[in-house]
C-alpha cells in the first residue's frame, strides 16, 4: 500500500514551503537549488519509484521499462505497486491523462506524459481516456469558448500523432462530454470537499474565478470508470463494472467497498494535489483510489529551476518548430554546464546536472550506452558544449520531424473518431 | 428598463441587513415586523409590480392577470416591461423556473411558482424549461445521488400534475442534462465571477461544500436559450437563435450585442441573488438579461415571519395530505389574527394582515368578491376564526384533492416524456 502517512494527513501542505512553490499552475524552485523533489515527495506523501518497483513493472509486462522510467524522470508514484499486483491477478485497469490546451502547439514538455502513456497502453494493453480541460483554460487564461475548442482540436491532433490506438483511446473535452456518471461523480465529490479544504490544497484566493474554484472535481472524476460507461472493454474485468455505488454499505469512516475498474494516471508531479483530493474522496464514493506515476519537470532551455512554458517562446521547443528554429534555440538558449573557456572546460569538465542539453538527452536519447558515454565524456571535459548541443539538435530534429510527419497525416475525421462517444 | 440602480451596484448587499436574513437557503424576518419587502426591493434593486404594469400585462395577453399577480403576491420584477414590449413587437421568449427536490412531496408553498408559470405559459403560449437542481440538494442536504434522483422523479410528477403542456415543456435534472451550450455557458459565467463576488452575493463560508460554491452558474445558465438547442420552436423568433456569441464584438464595458431568445423567470424573491449574478454576466456573454417576476413568501401555518419548510411537517400542508390532515393542521396550527374571546372578537375584529387563514385564502381563493367579503366580515368581527378556518379547509381540500386526482394519473412514462431531450 502506498505509504504510512494517509493522503489526508499530507493534503494540507501542498502549497509553498519556504522557497519552492508548486501548484498545478505555478512551478518555481528556489534560486540556488531548483526543485527539491525529496521535499515534495515527503510533503505530499507520495512514494519514490524504487529499482525494485521498476523490476516488478518489467516482470509483470515482460517489457523493458521506458527510458523515462529507467532514468528516474518518472520518479514518484502512488499505488503503482497495487496496480501491478491487481494486474497480475488478472484485473484490468485504465489509463487517464490530460491536457489543458493553452496554445496551438504542444512543446516537448507536454509530450512527456503522452510518451509514457503510449508506452503503458502498449505494455499493458489497456484503455486510455484523455481529458482536454478546456474549461480550466477558459478560467485561467480567459480564453473564449470557441478559441478553447479550436486549440483543443489542434492539440488533439498532436496527441493522436503520438500513436495511441483509436480502438482503446477516448479523447474528450469537458465542454463536450459530461456523460455517464461523470457529472454525478463531480457532484458527489463536490459534497465531500469544502471550500476551506480546496483553498488549502489549491491556494484559491478571493480573486480566483468561481469556475476554477469549482473545477477540481472535474479533473478528479475521470479517475472513476463509471464516468465512461461506453468503454465496455473493462466490463470483462474480474472486478465488475458497477455504475452506481450508492446502495453499498459504508464503514465507520464513511467508506464503501470499492467497485469499478482501477485507474493509473501518468502526469507531472504538479498535478498531484488534484489526485490527492481524488484519493481522499474515492473510498467514500465507493471507488478505488486512482494510482499515479509522476514525472519531474522537463526543464526550460534556460535551466532546471522552472518548467517549460508555452507562453515563453524562447523557453521551449515546440512540436511545430522547424529544424532551423530548433538549432537556433538550442545554440542560443540551452543553458550550459560547461566552462567559460575551452581550456578550463578541458581541465574541469562540465556540470551535467545543470546542463540542459545533457538533461534533455536524458529524456529523448534512447540509447543508454550512448547517453552514458556522452555524460562521461562531457563531465570529463573531453566533449565540448558545442558538441553536446549538436547531438541534442540531431536527436530533437529527428524527433520533431518524424512527429510532424505523423501529425500531418492526422485528419479532422480522425479527431472526431477519437473523440466520439462510442462503444469501445 | 429596470430601475436606475444597475444590477452591479446593488449586488453586494444581498445578505443580512440588521434583522432580516434572505438568501436562497435561509429566510427569516425580524421578530416584530416579519419580512420587510420594501427594504428588500430597495436593497436588491428590483422593481415593484405597479397597477399600470398589471394592466399592460392584461392588455398584451388579452387575459385577466392571475390572482397571484392581481393580489400582489408576485409583487416584484426585473424587466417584465421589457418582455411585454418585445412580445408586443412579435419576439418570442421562454419561461424558466426550477425546483430543488428535497422531499418526496411538494407543499403548497412549492406550488406557487408553478401556478404562475402555468398561467404564463397559457397566456403567452411559450416554451418552458424546469430545472431540477438535484446537484444543489446533494450539496446542501447531503443526499445520495440515487436518493436525489428518486425525489426528482416524484417531484416531476407533481409538477406535471400542475398541467403543463408536454409539447412546450422540458423538465430536466442537472444530473442528466448538460447539453447544448449549457455547460459551455456555465464555464463562460464561471470565468466572469470570482470567489469574492460569489461569497458576498451568496454568503459562502469555509465550510460550504465546494460543489455548492461552484453551483450558482448552474442555476443561472438555463436563462440562456443556447443551453437548449433542442427547443426549436423559438428558432422562429424574430431575434434569431445564435448558439454561440463568441465571435461578436464587445463594447468598452466588455459587453456584446445580445442574441438568443429572451427568458422570463417566475420565482420566489429569495432566488434573486442567482439572477442578479446572471444579469450582471449576460451582456458580457452576448445574451439578454433574463427578466424576473418575483413572489413574496408563502407564510408558514404558524405565521408570516418565515417561509414554509418541507422539513417542518407542521408548518406546511403537503400535496399528499389527506382531507383529515388538512383539517387538523389548519385547526391546530394556523396562526389566528382573531381575538382571545368571542366577545372581544365581535368588538375588535381580526387583524387580517397576520391571520394565516386569510393570507392563505389570498393565495388560493379565486373569487375576488368573496375574498373581499370575507376580509371585511372577519376584520369587523362578524366572522369568527373558526369560520374562516372552515372556509380555508374547504378551499384547500378542493385544491389538494383535485391535485391528487391529476397526480394519480401521471405515469412514469409521462415523466420520461417531459424529461426527454427531444426536438420541441
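Observations
- Unmet requirement for residue A:79, which otherwise passes all of (1) touching a strand residue (DSSP E or B) at 6+ places or on another chain (Cβ under 9 Å); (2) surrounded by fewer than 17 Cβ atoms within 10 Å (Cβ to Cβ): (2)
- Residue among A:40, A:53, A:68, A:80 that is in contact with a helix residue (DSSP H, G or I) (Cβ under 9 Å, 6 or more places away or on another chain) and modelled with pLDDT under 90: A:40
- Lone unmet requirement of (1) surrounded by fewer than 24 Cβ atoms within 10 Å (Cβ to Cβ); (2) more than 9 Å from chain B (Cβ to nearest Cβ) for residue A:224: (1)
- If you filter region A:194-216 down to residues that are in contact with a strand residue (DSSP E or B) (Cβ under 7 Å, 6 or more places away or on another chain) and within 8 Å of chain B (Cβ to nearest Cβ), you find that the one that is surrounded by the most Cβ atoms within 10 Å (Cβ to Cβ) is A:210.
- Verdict on residue B:156 being modelled with pLDDT under 95 and more than 14 Å from chain A (Cβ to nearest Cβ): no
- Residues (part of a helix (DSSP H, G or I) and either within 21 Å of residue A:125 (Cβ to Cβ) or out of contact with any strand residue (DSSP E or B) (no Cβ under 9 Å at 6 or more places or on another chain) (or both)) located in region A:44-59: A:51, A:52, A:53, A:54, A:55, A:56, A:57, A:58, A:59
- Residue match in region B:59-71 (condition: free of Cβ contacts under 8 Å to residues at least 40 places away in the same chain, within 21 Å of residue B:364 (Cβ to Cβ) and surrounded by fewer than 22 Cβ atoms within 10 Å (Cβ to Cβ)): yes
- Residue count, region B:74-103 (criterion: more than 20 Å from residue B:222 (Cα to Cα) and within 17 Å of the chain's Cα centre (by Cα)): 4
- Residue check for residue B:219: within 18 Å of residue B:290 (Cα to Cα) and either more than 8 Å from every other protein chain (Cβ to nearest Cβ) or surrounded by 21 or more Cβ atoms within 10 Å (Cβ to Cβ) (or both): yes
- Of the residues making up region A:130-144, those that are within 11 Å of another protein chain (Cβ to nearest Cβ) and either farther than 20 Å from residue B:286 by Cα or in a helix (DSSP H, G or I) (or both) are A:133, A:134, A:135, A:136, A:137, A:138, A:139, A:140, A:141.
- Within region A:153-165, the only residue that satisfies the criterion of being farther than 14 Å from residue A:110 by Cα, surrounded by 17 or more Cβ atoms within 10 Å (Cβ to Cβ) and more than 16 Å from the chain's Cα centre (by Cα) is A:153.
The values are calculated or read from the model by the stated rules, or taken from the named source; none is laboratory data. Fair warning: this is a prediction, and the values are worked out from it, not measured in the lab. Heads up, the Cβs are rebuilt from the backbone with ideal geometry, glycines too, and the neighbour counts pull from every protein chain shown.
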